1. Going by how many other Cβ atoms sit within 10 Å of their own, how do A:Ser174, B:Ser166, B:Ser279 line up, fewest first?
2. Using DSSP to call loops (not H, G, I, E or B), can you name the trypsin sites (Lys or Arg not before Pro) in the range B:409-492 whose Cβ has at most 11 other Cβ atoms within 10 angstrom?
3. When you look at the Cβ of every residue in A:207-213, what mean number of other chain Cβ atoms sits within 10 Å?
4. Which net charge results for the neighbourhood of B:Thr313, defined as the other residues with beta-carbon distances under 11 angstrom from its beta-carbon, given Lys and Arg at +1 and Asp and Glu at -1?
5. Considering only C-alpha atoms, what is the centroid distance from the range B:308-369 to the range B:82-134, in Å?
6. Hey, got the dipole for the range B:46-182? About the Cα centre, +1 on K and R Cβ, -1 on D and E Cβ, debye to the nearest 20?
7. For the range A:2-489, what number results from the quotient of the Cα radius of gyration and 2.2 N^0.38 Å?
8. Can you flag which of A:Lys166/A:Lys254; A:Lys99/A:Lys254; A:Lys401/A:Lys447; A:Lys254/A:Lys304; A:Lys155/A:Lys299 are past 19 Å Cα-Cα?
Amino acid sequence: MVYLIPEFLLVLVGAVGLVIAFAPSRPRLRAYSLVGGLTCFGGAVVAGYLAYLATTDLGAELAATAPGYLTTTLALDPFSRVFAVLSLIVCGLTFLLSKEYLETRMQDHQPELLAVIAFAAAGMSFLGSARELITIWFSIELLSVCGYVLAAFTKDDERSAEAALKYFILGTASSAFMLFGLSYVYGMTGRLDLVGIMEATAGDGIGVLLPTAAVLMLVGFGFKVAMVPFHMWCPDVYEGAPTPVTAFLSVGPKLAALAALARVFSTAFPHEVARVAWEGVLFWGALITMTLGNVVAIKQSNIKRMLAYSSIAHAGYMLVAVLVTLRSDLALSALAIYAFAYVFMNLGAFAVVTSFSNRTGSDALHSYNGLARRSPYLAWAWAFFALTLVGLPPTAGFLGKAYIIMAAWDAGATWNSPMFWLLVVLVLNSAISLAYYMGVAGRMFFKPPAHDDPVPVGGGVGTAIGLCLAGTLLMVLAAGPIIGAIQNGAVFALH
Amino acid sequence: MSPLDTLWLVLLGPALGALINGLWPQRLRGRVTHGVIACVAAGFAFVVAILQHIALGASGQEIVRASYFTWIQAGNLTVDFALRLDPLSSVMCLTVTGVGFLIHVYSLGYMAHDRDYVRFFTNMNLFLTAMLILVTASNLPLMFVGWEGVGLCSYLLIGFWHRRESASRAGFKAFAVNRIGDAGFLVAMFWCWKVFATLEFHEIFERLELATAVDVRWITLLLFVGATGKSAQLPLYVWLPDAMEGPTPVSALIHAATMVTAGVYLVVRMHPLFHHPESAGVLVAWVGALTAIFAATIAVGQRDIKRVLAYSTVSQLGYMFLAAGIGAYVAAIFHLVTHAFFKACLFLGSGSVIHACHEEQDIMNMGGLKDKMRTTHWTFLAATLAIAGVFPLAGFFSKDEILAHAFQANRGLYVIGIACALLTAFYMGRVLFLTFYSGRRMRDQAWEKVHESPPSMTFALVVLAVLAVFGGLLGLPAGLGLPHFLAGYLAPLLPDAHGAAHMPARLELALMGISLALAIGGLFAAASLFRVRGAQGEERLRKALGGVHTLLANKWYVDEVYAAVVVSPLSRLAQAVSDRFDPRVVDGLVNGVAAAVGWGSERQTRTQTGRIRDYVLVILTGAFLLVLGLIALGR
């Protein structure tokens, strides 16, 4: 049970939020966002310790004595705890960066939004450890339903309502595909746990049905990850949703779905026929996703849409790590490291956008002209996040890309192999991404501003930006322990 | 603790000095402090070099090698930061730090009024560090670090007065020409790696049998290309005369005594390769000899005191390569050491004169300085006699040893050698007499201000003059049964240590006689032309030589030929590329890619209709196609 402290904390924070929604307005929001955020960061430390614990004998003992209903549904391995750390950090950062937005842009139901984010983060954490079909399904739905609610939070805003509706309808449609695939798998194997499915499909004579089921599940996961061609919702929803929600949606569901994707497919479908199918889909999916995301991002005129396409591109990079989970010991570490880097740099970028739009109400790219004069902190922070997102050393983004490339290389990317060319495309994409990230930075530093009014930065979002900056720089230190934890623990503890 | 346990100690002083002077945030109280720091650093290195020299002799070891850390680790290539002390590097260390220390002290006075005093001493210490790395490195890459380091410092110090365009151009020229040589060094290094699979000196020498004749020929040739760049030999000598744009102590230290001898050191260091019968040794000797005579002729026609000395340096370096090329490594190193003494003395003397005459460098405008500047005059005279090869000064013994070896190796080389000796005596006599004798040709106003230099400058002059007089004792002719200390010291390392001993004493004496006669003859000719007549003598010389004199004064028009044959076609090519190829092809490609990406972006954005039914359609189509593809593949 000790292992579940992170999830308990997240649910607790959410529950408290629902209760204090009845308290008087101003002070409760400030206190809740602060205490909730701090609780999350504290929980992240605990989760980090649990990840370490999972690699030790004591941790193995704890896992062995855990109740059966727990161990059959959730994998309590280092990888799942690393993702719990990630969920808590995402939740804490979103709490901080939402505070000013809630104060300036929303009249009521402010704590509820944060509470729903906490629940969504719990779903994210569960999805990272789920090892059984029903649990996976519930985790995804917990995350998705929270997402629909979050997107609709500024009810009076037409675009928010439209975004929520789109997200809901498309999300349900893709969930249907996934459920269809899940039911096929259950029908063929009679098993719900991933290991059981793997055992049941070990022999020959499975035929084309299992890969079909796997691919149908991929449609559902692909939607969450925003893999092309299941990405169309992404820019519309990101643009319409309240900016802090967009920030959360761009990291939470995406990373959780990637973690689950890695776990489910490498555990349940490691055998020839199905494996060829999903690896093939992921190969082309990764390649097209990263390219389309980057290419289309260039022509956007709204910064949230631009970041939406950019997040599609990043999903493409991370799909490369998922693709090689069965071939390289480094793949899961690479995925985790990139996920951490992505959280810090993407939430950081969105925090800048939130902070800016809180004061100016605009998300248009041209309104960022000359920001360096109006708010040096925001402009420099953006410049730094942009460099990280591109993946330039010595930042976390570079580290993430480097590990993904190393993992793919480890998986056998020899000269002129398909994997080699995928890596070439990945590197070329980084170069393309330079154009739009630094394009915005260029606007901030070299174009004249429309007017010289300063853009003050709120305390909450300013702190979030600072934490993200620190995070992107300190990843260099964290990479070693993350790799150590994931590789020393039994990867995806099978039994 | 023996000094041999801490080989790095010799680097410590100059490195710290450069760091302190270079990074000190503000001027220390009194700028002399900076100069003193630099001098103490150089002096410390000198003391360490002496202690290491003594310890090496006492220990009886031939080579002491110390590896401090792995510098490069790539594949099966491992390069350590490793230093090595053997008799050869010890002699080099002593010369570099000893002469370096004296010139540092001299600079205290010479640079006293320069606005960039601190930068000067920083660069000087940095130079010493790099030069010491060069001579103590235990492998080729580390030596290359020193090699490039001294090149960088040379560039920085030639262009020291960077506000003067000619100085910055000269610095650039030195750098560019040196790069050509460096390319040779680099390729030689690659070749060594390919053949020997190591870059450590001692390992290369142990694995010599792995090299074929072709390998040896090319490696030695490429190494020599590197040496011609650094040591200003044909055809890459052109940068050295221009390098005289730097402050005179720089010319003395870098462009006479130490850095330019790095090429000679390289050849001697790699002597097991050069000793191979298939090596490029013969080429080295001939290039050296031709450079020696070629530069000596140019020196006859120059009027700038420092340029004469610069061409003289090129010429003397030619002697050293002549010696190294025919396998007389000890003679080469011997001449390197004595040359460091008398050429440094000459340069510092010329600096003293220039200083006194308020930046006047044309010897035609000097004259009669001997009574005004007694110390400078006496030291300059001693050094002139030494370089001319008058018995019993340093140059006599070292040059004679080279000539004796040349006589045995090849009579053609010998004839060039003695002709060059005659010219050397003549042009050095010309400088001496035009500067210090032959009545004054200065205006009264300037004449009044001429004064002897301060003691910090004359101190270095006197010490160097003494060394120039007695330096020959290091290597008395072994053929006459006299002790050759240097050869004995280098014997464990260099194969020819007793080469000249095989010559009959009578022949040895005869050769000495010829050399001495030529030296005195050259000086006498110069004296008869210039000692009394001064500028009229120059006029006579010009008439006597006729058109040849114009050729000499214009340095055989080599710079012009290079400009026409190499520089101008290259810069025209560069211009063409930058005018046509770059904007059209390169920029066109880049802009084309950007335009293509933009176009794709535009198209895709149009498919983003915002309508839910379109989006669902895409998801459906995607899923359908995936399943269809699977079934098609599965069949």
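What follows is calculated from the coordinates using simple rules that are stated; it is not laboratory data. Just so it is clear, the model here is predicted, and its values are computed rather than measured. Here Cβ is always computed from backbone atoms with ideal geometry, including for glycine, and neighbour counts include all displayed protein chains.
1. Working: A:Ser174 22, B:Ser166 11, B:Ser279 27.
Ranking A:Ser174, B:Ser166, B:Ser279 by Cβ neighbours within 10 Å, fewest first, gives B:Ser166, A:Ser174, B:Ser279.
2. Here the sparse-neighbourhood loop sites are B:Arg443.
3. Counting Cβ atoms of other protein chains within 10 Å of each residue's Cβ and averaging gives 3.
4. Its environment carries a net charge of +3.
5. 18 Å
6. Numbers: 9 positive and 8 negative charges, 86 e Å.
Its charge dipole is roughly 420 debye.
7. 0.92
8. Numbers: A:Lys166/A:Lys254 17 Å; A:Lys99/A:Lys254 23 Å; A:Lys401/A:Lys447 31 Å; A:Lys254/A:Lys304 16 Å; A:Lys155/A:Lys299 29 Å.
Over 19 Å Cα-Cα: A:Lys99/A:Lys254; A:Lys401/A:Lys447; A:Lys155/A:Lys299.
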